[in-house]
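Below is one structure, written out as structure tokens, with a few remarks after it.
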Amino acid sequence: MKPSRWISAIVLILAVGGTAVALGMWKTNSWKKAAAEAALMPEPMEVVKATLAKDGTFTRYTTVTGTVRALQSIVLQNELDGTVAETKLIPGSIVEAGDILVALDISVEQAELKAQEAQAELARVTLERIEPLSKGQAVAATELDRARAERDMALAQVARIQATMDRKTLRAPFRARVGMTDIHKGQYV
């Protein structure tokens with residue numbers, strides 16, 4: 001490399017370094033001046049308005065807007081469809097746990113229940129007649145088993161119909177206040 005290039009490079013580096021040092025000293029000096037001027041300035045004043053004390057009323061409450069949520073609430077939905085036969089949902093009224101809220105029409109189920117109860121009674125009587133005969137081996141064991149099965153099936157059908165009737169009556173699961181309702185007697189739900 002030629003000596004003239006070396007000299008040019010050194011001069012350039014010294015010029016850039018000198019400029020950086022000069023800028024740093026200038027900035028430090030301006031910060032010191034700003035701090036000195038700020039120290040000489042007085043603290044800003046606050047405007048205060050004086051008033052005489054007066055007798056008055058003090059309320060220990062205030063009115064606010066808020067939301068109240070119930071600890072327990074439900075939206076009634078029926079498991080089975082049907083026509084409303086009775087409703088005891090009166091908005092704002094208190095219902096106790098177990099109270100009937102809505103009862104659907106169960107006239108068809110009541111008729112089926114009577115028929116199944118008659119069938120269960122017939123199966124019971126038939127079984128009572130066959131049991132003594134099976135002990136004397138006048139009737140086959142399969143006939144006794146069939147009579148027991150028919151009695152058990154008839155009793156199960158009675159229980160199924162009774163459960164369906166119970167499911168068509170909505171009861172309050174806990175003590176509560178009735179909210180909004182749009183269910184009416186005769187309505188199909």
(Q) Where the second residue is in a loop (DSSP other than H, G, I, E, B) and loosely packed, with under 10 Cβ neighbours inside 10 Å and the first is at negative phi and polar (S, T, N, Q) and lies in the stretch 58-86, which pairs have Cβ atoms under 8 Å and are six or more apart or on separate chains? (A) Thr83/Gly186
Q | Filter result for Ala115 (hydrophobic (A, V, I, L, M, F, W, C), farther than 28 Å from Leu170 by Cβ and either outside any loop (DSSP other than H, G, I, E, B) or not assigned by TED's automatic domain parsing to the domain that holds Thr83 (or both)) | A | no
Q: Mind listing just one residue for me: the one in the stretch 135-189 that is aliphatic (A, V, I, L, M) and touching a strand residue (DSSP E or B) at 6+ places or on another chain (Cβ under 7 Å) and, of those, nearest to Ala70 (Cα to Cα)?
A: Ala176
Q | All positions within the stretch 175-189 that are part of a loop (DSSP other than H, G, I, E, B) and not charged (D, E, K, R) | A | Val178, Gly179, Met180, Thr181, Ile183, His184, Gly186, Gln187, Val189
Q: Would you check if Thr126 is of a type outside the set (Phe, Trp, Tyr), closer than 21 Å to Val189 by Cα and modelled with pLDDT of 90 or more?
A: no
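Table: residues versus (1) out of contact with any Asp or Glu (no Cβ under 6 Å at 6 or more places or on another chain); (2) charged (D, E, K, R); (3) not in a strand (DSSP E or B).
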position	(1), (2), (3)
Val11	yes, no, yes
Ala20	yes, no, yes
Ala36	yes, no, yes
Glu46	yes, yes, yes
Thr57	yes, no, yes
Arg60	yes, yes, yes
Val75	yes, no, yes
Val84	yes, no, no
Ile90	yes, no, yes
Q: Starting from residues that are within 24 Å of Gln187 (Cα to Cα) and touching a residue at least 60 places away in the same chain (Cβ under 8 Å), keep the ones in the stretch 87-96 and report whichever is surrounded by the fewest Cβ atoms within 10 Å (Cβ to Cβ).
A: Gly92
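Residues that are more than 29 Å from the chain's Cα centre (by Cα), loosely packed, with under 12 Cβ neighbours inside 10 Å and in a helix (DSSP H, G or I): does the stretch 97-107 have at least one?
Looking through the stretch 97-107, at least one residue is more than 29 Å from the chain's Cα centre (by Cα), loosely packed, with under 12 Cβ neighbours inside 10 Å and in a helix (DSSP H, G or I).
The values are calculated or read from the model by the stated rules, or taken from the named source; none is laboratory data. The shown structure was predicted, so the numbers you read here are calculated from the model rather than taken from an experiment. With ideal geometry, Cβ positions are generated from the backbone for all residues, glycine too; neighbour counts draw on all protein chains shown.
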